[in-house]
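The values are calculated or read from the model by the stated rules, or taken from the named source; none is laboratory data. The structure presented is a predicted model; accordingly, all values stated were derived computationally and were not measured. Heads up, the Cβs are rebuilt from the backbone with ideal geometry, glycines too, and the neighbour counts pull from every protein chain shown. Note: areas computed on protein heavy atoms with side chains; ligands, DNA, RNA excluded. Shrake-Rupley method; radii C 1.70, N 1.55, O 1.52, S 1.80 Å.
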Amino acid sequence: MRKEKIFTRDFWLIASVNLLVMTTYYSLMVTTAKFTTDQFHTSTSIAGLVIGITVIGILIARFSSGYLTQHFTTKKLLMTGTILLVPAMILYHFTTSLAILMAVRLLHGLAIGLISTVTNTAVVLLFPVERRGEGISYFSLSTVLGTAVGPFLGLKLMQTVGFSTLFNVEIGFAIAALVIATLINAEKIRFKKVHHNAPLTLAHFIEIKAMPIALLMFVVGLGYAAIQAYLSFYAGQLDLATYASYFFLAYAFAALLSRPFTGRLLDAVGAKAVVVPTLLINAVGLAGVAWTHSGWGLLVSAFLIGLGFGNFQSVAQSIVA
């Protein structure tokens, strides 16, 4: 039998928006701490708080997105998010105080949360049911590339030309994402309204059935989040600063190699056959980061985390879908 297509025009458009948006997110995730300590002479703990403000914005947007999708079209929500992203990137040039920087980070998080929620859920509507796991695995490669290109580009620009140029590049990415978003077919990504005019309840915001895998994703993601926020400081303490930017390339390389295989495996034999091995491999990789004292050890650990956490992300998304 002829398989239904995964790689459609709208797939590539949504994946491109996701790649650009994730690149802005991850490039600033690994550089904002350094920017904060350099500009405002804060401690690393305060710098970590500044990074975390963006996560709060993402949580607010994602928590409300379920309700919003019942009242606004998916295309309108996507356009709102990409429109918000442009001034958020521009405002990084005007962060003259810690309070302003935190406000900008919150706005950035709101935009990222709204966009990523729409892209990661709307793209599922483009896939045939029998190839959903495979399709999500391919789409999630756009996020993997963002986790690689973003930190690598961010750290390199920070080290070579400075923060001003980095912010200008981010503005360019945000504008490109907005332009591409306008080209997406609204009807292909339209959600079916399930609540209609029902009274506002918790079900408008939270899918209870998704909580177990969501909680597992939260716990597993803590380790990788810590690496994103503090790798530049940690690598510097180990005299391995030159390896910090390549860490994320090794992570992405592992995920890019394995995602197509794990997507097919998920569709063929089920989630458990993928979840358990990826969690074990991720644990080994995190232990390697904690214990290594060499550049190669750091890169091997990144490769293992890419095999583990990099694949667990897409599996979790498939389970929820």
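Restricting attention to segment 43-75, report how many residues are open to solvent by 70 Å² or more (accessible area, probe 1.4 Å), free of Cβ contacts under 8 Å to residues at least 60 places away in the same chain and part of a helix (DSSP H, G or I).
6
Could you check segment 92-202 for helices (runs of 4 or more DSSP H) lying wholly inside it with 2 or more residues that are at pLDDT below 90? Quick ask: steps written out before the conclusion?
Numbers: elements: 98-122, 132-139, 141-160, 163-181.
It comes to 98-122, 132-139, 141-160.
Return the residues of segment 249-274 that are open to solvent by 80 Å² or more (accessible area, probe 1.4 Å), farther than 15 Å from PHE139 by Cα and either touching a residue at least 24 places away in the same chain (Cβ under 8 Å) or within 21 Å of the chain's Cα centre (by Cα) (or both); say none if nothing qualifies.
Scanning segment 249-274 gives a single hit, PHE253.
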